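Here's the structure, in structure tokens; my notes come after.
Rule-based calculations on the coordinates, nothing more; no lab input. Values in this document were obtained by computation on a predicted structure and should not be read as measured data. We place every Cβ from the backbone using ideal geometry, glycine too, and count neighbours over all the protein chains shown.
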Amino acid sequence: MAIDDRQDRYPFRDIEPKWQGVWEKSKQFRVTEDPGRPKYYCLEMFPYPSGRIHMGHVRVYTIGDLLARFKLMRGFNVLHPMGWDAFGLPAENAAIDNGVHPVVWTLENIANMKTQLGRLGMSYDWDRELATCDPAYYRWEQLIFIRMFERGLAYKQRSKVNWCPSCQTILANEQVEAGRCWRCDSEVEAKEIEGWFFKITDYAEELLDWCDRLPGWPERVLTMQRNWIGRSEGAEFDLPVVGRAGLAITIFTTRPDTAFGMTYAVLAPEHPLVDALVADEEERARVAAFRQEVARESEIERLAADRPKRGLRLGARAVNPFTDAEIPLFLADYVLMGYGTGAIMAVPGEDQRDWEFAKQHGLDIVATVKRPEGWEDTQAYTGDGVKINSGFLDGLSVDEAKRAAIDWLVSQGIGRSKVNYRLRDWGISRQRYWGAPIPILYCETCGMVPEREENLPVVLPQNVQISGKGGSPLAGVASFVNATCPRCGGKARRDTDTMDTFVESSWYFLRYCSPHYDEGMFERAAAEYWMPVDQYIGGIEHAVLHLLYARFFTKVLRDLDLIALDEPFRALLSQGMVIKDGAKMSKSKGNVVDPDDMIRRFGADATRLFTLFAAPPERDLEWTESGVEGASRFLNRLWRFVHAHREEIGAAGPPGPGPLSEAGRAFRRVIHETVARVTSDVERDFHFNTAISAVMELVNALHDFERDSLDRVARAERAALLREAVDTALLLLGPVCPHIGEELWTILGRPGSLFTQPWPTADPAALRREAVEIVVQVDGRVRTRLTVEVGAPEQSIREAALAEDKVRPW
């Protein structure tokens with residue numbers, strides 16, 4: 001390549017690999033604890049090693065890299081690590097489809113993706129790299145499982161679960177989306193199976209309360225978590241069964257004030273009292289058939305508001321204690337055993353589901369709240385109002401009646417105030433191979449026994465046949481299953497389930513603090529120096545999956561006295577999607593953009609620049625190749641300018657203390673206004689797009705000043721201001737486009753790396769204006785503009801405005 005060509009266009013194919021090699025060889029971004037400096041832990045959600053990064057990855061990692069480099073230049077001790085969420089189903093599918101062992105497939109993919117991230121110029125401390133499939137990692141996860149098991153926070157029970165027939169595994173409630181598997185989109189089935197659970201419900205109240213103490217989180221995410229936890233205040237009381245002494249159905253309601261309108265009650269088909277309520281074999285057969293029908297539905301389907309409610313009337317009846325009236329009992333698919341008591345009082349006058357069910361079955365509907373004038377009884381009334389048809393509650397408001405109804409239940413000894421949660425315990429059992437083995441053994445003598453700590457990790461066997469059918473592949477590996485009881489030394493068999501992969505991602509951010517520590521999950525001093533994560537970055541799709549689990553796990557580790565930490569993430573940024581042609585990128589739509597292709601054609605800096613410039617981070621980004629071309633043109637323009645003025649700028653000193661020309665003062669004000677604006681946009685608002693726009697405006701002003709100052713500004717002043725402007729532009733642009741920044745910084749003879757320089761600060765003296773422009777409006781229309789001295793009296797400004805020819809007639 002000729003030298004002229006190199007000066008005309010930014011030669012990214014040469015420059016970018018050069019600086020990536022320099023950073024890697026010098027380990028420039030390696031970090032250790034330093035109590036003398038403020039710390040900043042910047043973390044993007046680590047990826048599953050699928051083998052290729054996509055534009056969504058590029059966006060989230062570029063945002064994180066910008067923030068990490070910015071904070072480094074602001075004087076912070078920055079931890080910016082990367083690793084791999086390496087367990088998961090795709091590795092098993094690859095083994096089935098291609099005959100490649102999951103270990104081989106995963107490690108090859110990690111190598112590929114690490115190379116791709118290197119081409120983007122990320123500032124990761126690669127010495128802290130981890131992969132969750134490494135036994136040295138999941139060893140500690142197994143130990144915490146045992147500690148949770150000992151405390152009753154991990155338990156095994158038979159229960160109805162969400163079952164994906166394609167993945168052949170259990171799904172947590174959070175992993176079912178609109179009745180389908182979150183990973184493969186297959187329709188989810190309900191299935192009764194034995195499995196392991198983490199008792200996240202023990203932390204429901206704390207998880208909810210701390211939602212109000214996370215000001216750095218998007219309110220949308222916090223609302224999703226609050227709704228998922230689903231705190232409900234109400235009452236719990238008993239409905240005696242007619243003719244069955246001592247038999248009563250306990251129900252929970254958030255509206256005890258409506259109990260006078262209870263015209264029937266409903267039990268979940270799985271309720272344990274159902275068998276006791278059945279009168280004869282004929283009814284038992286009907287109940288069994290109904291239960292079988294409902295069992296084919298997922299919980300999501302059963303709760304769907306837009307589908308008919310199915311029910312079965314029982315022969316048994318119960319008594320409404322508020323009215324002493326007998327009411328019919330039903331089984332219905334819209335009542336779930338996992339929420340409340342698994343039984344509800346039905347008040348069709350004030351609950352829409354109950355109203356629809358009552359209409360289907362011809363049941364009475366009694367209004368207990370006065371309707372507004374003109375109300376038509378075509379649906380349940382769920383608004384506020386005065387109580388009617390409610391005995392001793394008549395005339396009270398809804399809130400007053402709730403309290404009075406609970407007081408009456410307590411006084412009668414048949415009920416109590418109660419708080420319930422929608423949140424269920426986290427089902428972590430997976431009938432898969434590629435996951436962390438559950439460290440439990442089953443001994444005929446001792447029963448269920450945890451593995452000894454010194455025997456951890458329980459390592460996955462290599463000689464396994466993976467078919468994707470028939471349960472866990474581990475069950476077919478005799479050398480794995482057959483073991484010795486840790487307690488009595490007798491024969492035992494291992495649990496063949498593996499843990500949900502969300503367990504690994506619930507604590508990886510702690511392991512980054514001391515990834516090579518071999519005496520525990522993490523070194524406490526290091527973790528307490530770095531934690532909490534100061535800025536976490538990842539998609540909104542993880543709001544009630546990973547983010548909730550990570551918060552729960554952190555609190556468990558605190559209660560195990562492993563760390564003094566309540567919450568893992570101080571601030572969260574949920575970036576939007578990268579879309580093309582108005583749709584999310586996907587192979588099926590044919591609108592996928594390959595990051596490697598963009599880097600090959602335009603360079604990493606241009607790709608990063610467009611990614612950060614095209615939209616605010618929380619908004620979706622519409623990918624356009626013309627936008628990347630525009631970013632490339634901007635970098636070429638900056639490259640040409642620096643090369644054209646290299647000698648003048650390189651030899652110049654900073655602006656001296658003496659007075660500047662009028663043009664010089666104006667230009668220097670632009671420089672420092674840009675510094676102030678970019679700093680605020682990045683640090684306070686995450687408005688990366690407007691920060692970049694400000695730098696582009698500075699580069700435009702730089703060209704204008706260079707052109708217009710030849711005959712108006714002294715040579716030394718001009719050179720000093722050109723130097724200050726170029727240096728400032730490179731420093732401000734560096735976190736966005738690090739390769740060109742480093743190269744031009746070096747070309748100009750500046751010492752050290754760009755990223756060891758302090759971030760520029762705005763000079764108050766340079767920002768001071770001697771005159772300002774005043775817009776003069778009359779009757780809402782702009783009539784003229786005045787230039788007046790800063791601090792001019794209002795009266796003199798008014799007189800000057802009124803003296804203007806364009807204002808005087810008005």
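Kirkwood-based Rg over Rh for the range 84-233 (C-alpha set), two decimals?
Working: Rg = 19.2 Å, Rh = 19.0 Å.
Radius of gyration over Kirkwood radius for the range 84-233 works out to 1.01.
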Report, by chain and number, residues whose modeled amide H sits under 5 Å from the one on VAL386, excluding near sequence neighbours (fewer than 5 apart, same chain).
LYS370
Taking the Cα-to-Cβ direction at TYR442 and at ASP127 and moving 7 Å from each Cα, how far apart do the two end points lie in nm?
4.7
Could you give the distance between the Cα centres of the range 608-662 and the range 113-162, to the whole Å?
41
Given pairs LYS27/LYS71; LYS71/LYS580; LYS309/LYS359; LYS18/LYS114 and cut-off 21 Å on Cα-Cα distance, the over-length ones are LYS71/LYS580
Measure nothing fancy, just the Cα-based angle from helix 281-295's long axis to the longest principal axis of the chain, in degrees from 0 to 90, nearest 10.
10
Charge tally in the Cβ shell below 13 Å around THR201, where Lys, Arg are +1 and Asp, Glu are -1, THR201 excluded
+1
Test of understanding: ordering GLU108, GLU270 by Cβ neighbours within 10 Å, fewest first, what list do you get?
GLU108, GLU270
Within 10 Å of each residue's Cβ, count the other Cβ atoms and sort SER397, SER632, SER411 from fewest upward.
SER411, SER397, SER632
For the range 556-570, just list the computed ³J(HN,Hα) in residue order, Karplus coefficients 6.51, -1.76 and 1.60, θ = phi - 60°, integers in Hz, with x standing in for Gly and Pro.
5, 5, 4, 6, 7, 6, 9, 7, 8, 8, 9, 9, x, 10, 5
Could you list, in their original order, any pairs among LYS370/LYS402; LYS469/LYS587; LYS469/LYS589; LYS191/LYS418 whose Cα atoms are separated by more than 22 Å?
LYS469/LYS587; LYS469/LYS589; LYS191/LYS418
Listed by chain and number, the aspartates and glutamates with an alpha carbon less than 15 angstrom from that of LYS806, same-chain partners under 8 positions apart left out, are ASP779
Inter-part gap, Cα centre of the range 238-298 to Cα centre of the range 444-497, in whole angstrom, is 41
Karplus couplings for the range 62-70 from phi (6.51 cos²θ - 1.76 cosθ + 1.60, θ = phi - 60°), rounded to Hz, Gly and Pro as x?
5, 4, x, 5, 4, 5, 5, 5, 4
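Contour minus end-to-end for ARG416 and ARG307, with contour as 0.36 nm per residue of separation and end-to-end as the Cα-Cα distance? Can you show the working numbers first?
On the way: separation 109, 0.36 × 109 = 39.24 nm, distance 3.32 nm.
Extra length available between ARG416 and ARG307 comes to 35.9 nm.
Taking the highest mean first, how do the peptides 428-439, 319-330, 793-804, 285-296 order by number of other beta carbon atoms within 10 angstrom per residue? Walk me through the numbers on the way to the answer.
Values: 428-439: 26.1, 319-330: 17.2, 793-804: 11.9, 285-296: 14.1.
Taking the mean over residues of other Cβ atoms within 10 Å, the ranking is 428-439, 319-330, 285-296, 793-804.
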Which aspartates and glutamates does LYS387 reach when only Cα atoms under 16 Å apart count, and residues fewer than 8 places away in its own chain are ignored?
ASP257, GLU350, ASP351, GLU373, ASP399, GLU400
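Arrange LYS402, LYS160 by Cβ neighbour counts within 10 Å, fewest through most, would you?
Working: LYS402 22, LYS160 18.
Final ranking by Cβ density, sparse to dense: LYS160, LYS402.
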Any idea what Rg and Dmax come out to for the chain if you just take the C-alpha atoms, in Å?
33.6, 107
Would you be so kind as to identify which of VAL458, TYR512, LEU423 lies farthest towards the positive end of the dipole of the range 401-536, taking Lys and Arg as +1 and Asp and Glu as -1 on Cβ and the Cα centre as origin?
LEU423
Give the angle, between 0 and 90 degrees and rounded to the nearest 10, that separates the Cα long axis of helix 715-733 from the longest principal axis of the Cα atoms of the chain.
20
